[in-house]
Amino acid sequence: MTRPLNQAWVLRHRPVGAIELSDLELQSRPVEALLPGQVLVRVIYLSLDPTNRIWMSDMDQYMPPVEIGEVMRGGTLGIVEESLNDDFAPGDYVMGTLGWQKYGIMDPRQGLAKLPVIPGLPLTAFMGVLGFIGATAYFGLLDICDPTPGETIVVSAAAGAVGSLVGQIGKIKGCRVIGIAGTDEKCTWITKDLGFDAAINYRRENVLDALRRHAPGGVDIYFENVGGDILDAVLTVLNVGSRISLCGLISSYNAMDPVPGPYMFRNLLMKRVMLKGFIVSDYIARFPEAIAALAQWMMAGQLKYRVDVVQGLEQAPVAVNKLFDGTNQGKLVVQVSGEK
Ligand SMILES: NC(=O)c1ccc[n+]([C@@H]2O[C@H](COP(=O)([O-])OP(=O)(O)OC[C@H]3O[C@@H](n4cnc5c(N)ncnc54)[C@H](OP(=O)(O)O)[C@@H]3O)[C@@H](O)[C@H]2O)c1
């Protein structure tokens, strides 16, 4: 039987600053034969995430870096095309970390989850609200910050995949929510469509002044996606006993030199602040709890989301930079092949 031809982006160089096309190489190779227990998956959607930039670097991080010459790591949703595993059959939709390629071979015990087919639910929902992104927002806000009604939450990268869900969950929990985002269109979307109480365009406004205006009683919870000046502005207006969920620091991922600050770190002491960093995979055993709650809110019309679909695997190394220049409109994915 003729094997399909795979195409895979392989890491060639560690990026210096922003990811360049020349940091990766698109290689073609036949798909290998399966070993007992393995499945062959055709990738339909590839998730592009800020952490791709971290994985490409050799900094001390939460997973091993991608090695030079390896297929670039990436979350994927695909369809089983061949199976030597009794629990998986051709036609099953699955999610796993198959990487930046058209086909992936995996023993499902290494982390392949079968997806339910729910009529009317787009497959892309599993790439965002009903997947790792939704779980990040859910546990990062609820488990770490334990919001109570009436508290004031600030979230940065507020119109992004994670941030937009954090703000809406905050509203569901009866909080006042202020989002910080990089364009007027994003600010309008989160206030008018998603129900945030206020939005700050950090590219046009002084964030500290705007926070003082929108949160005269101070901030109780900060969901941090960005770092840098925005973090310092929020640290300045924290209340006693406030909580920070440290989810991401995207403003520093392309930096080659040590990043200074935060300069208002002392407020963690003065205001007795709890700050906790987390990686969503820490919560994998509790994912069903998050997905059940997120699905219920979504079906009740309380959670909206946007998916930014880029066509073609060959676009991945260029498209990933949309996350860093802010031109992505919601969860960024690459459509690698057709859904059927
Ligand atoms: N801890 C975890 O397990 C976990 C899991 C998933 C994601 N994350 C983190 O969550 C954050 C958001 O990820 P996402 O997947 O939801 O991406 P996203 O928010 O959909 O996209 C990234 C957004 O970050 C903003 N941004 C980029 N550079 C910036 C800068 N220098 N200053 C301020 N804002 C900047 C841009 O929006 P603007 O137009 O508003 O600038 C961009 O659209 C990232 O830090 C990511 O690493 C963490």
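All of the numbers you see were taken from the coordinates with simple rules; none came from a lab. It should be emphasised that the depicted structure is a prediction, and the values quoted were computed from it without experimental measurement. Methodologically, a virtual Cβ is constructed for each residue, glycine included, from the backbone with ideal geometry; neighbour enumeration extends over all protein chains shown.
Please list, in chain and number order, the residues 5+ apart from Asn6 or on another chain whose amide H is under 5 Å from its amide H, with Hs placed from the backbone.
Counting only residues 5 or more places away or on other chains, the set is Arg29, Val31.
Keeping to pairs on different chains or 8 or more places apart, tell me how many lysine pairs in the chain have Cα atoms under 15 Å apart.
9
Take the Cα of Arg213, step 7 Å along the line toward its Cβ, and report every residue of the range 145-171 whose backbone nitrogen sits under 12 Å from that point.
Zone members listed by number: none at all.
Among residues other than Leu246 whose Cβ falls under 15 Å from its Cβ, what is the net charge (Lys/Arg +1, Asp/Glu -1)?
Value of the local net charge: -2.
At most 16 other C-beta atoms within 10 Å and a DSSP loop state: those are the exposed GluC sites (Glu not before Pro) I care about. Give me the longest piece of the chain that has none.
71-204
With θ set to phi - 60°, apply the Karplus curve 6.51 cos²θ - 1.76 cosθ + 1.60 along the range 55-65 and write out the HN-Hα couplings as whole Hz, x wherever there is a Gly or Pro.
Once θ is set to phi - 60°, the couplings for the range 55-65 become 4, 6, 8, 9, 5, 5, 9, 8, 9, x, x Hz.
Where does the charge balance sit around Val39 when Lys and Arg score +1, Asp and Glu -1, over other residues with C-beta under 13 Å from its C-beta?
-4
With just the Cα atoms defining each centre, how far is the range 91-124 from the range 18-73? Give it in Å.
16
Quick check on the exposure proxy: order Arg14, Arg204 from fewest to most C-beta atoms within 10 angstrom.
Ascending Cβ contact count within 10 Å gives the list Arg204, Arg14.
Write out the trypsin sites (Lys or Arg not before Pro) in the range 208-273 meeting two conditions: DSSP loop, and at most 15 other Cβ atoms within 10 Å of their Cβ.
Listed in order of number, the matching sites are Arg266, Arg272.
Looking at the range 132-282, send over the antiparallel percent of its DSSP beta bridges, to the nearest 5.
0
When the dipole is taken about the Cα centre of the range 132-282, and only Lys, Arg (+1) and Asp, Glu (-1) are charged at their Cβ, what size is it in debye, to the nearest 20?
The dipole of the range 132-282 has a size of about 300 debye.
Chymotrypsin sites (Phe, Trp or Tyr not before Pro), restricted to the range 36-92: which are DSSP loop and have at most 12 other Cβ atoms within 10 Å?
Numbers: sites: Tyr45, Trp55, Tyr62, Phe88; in loops: Tyr62, Phe88.
Counting only loop positions with at most 12 other Cβ atoms within 10 Å, the chymotrypsin sites (Phe, Trp or Tyr not before Pro) in the range 36-92 are Tyr62.
So for the chain, averaging the separation of alpha carbon pairs under 8 Å that are six or more residues apart and normalising by length, what relative contact order in percent results?
Relative CO of the chain lands at 18 percent.
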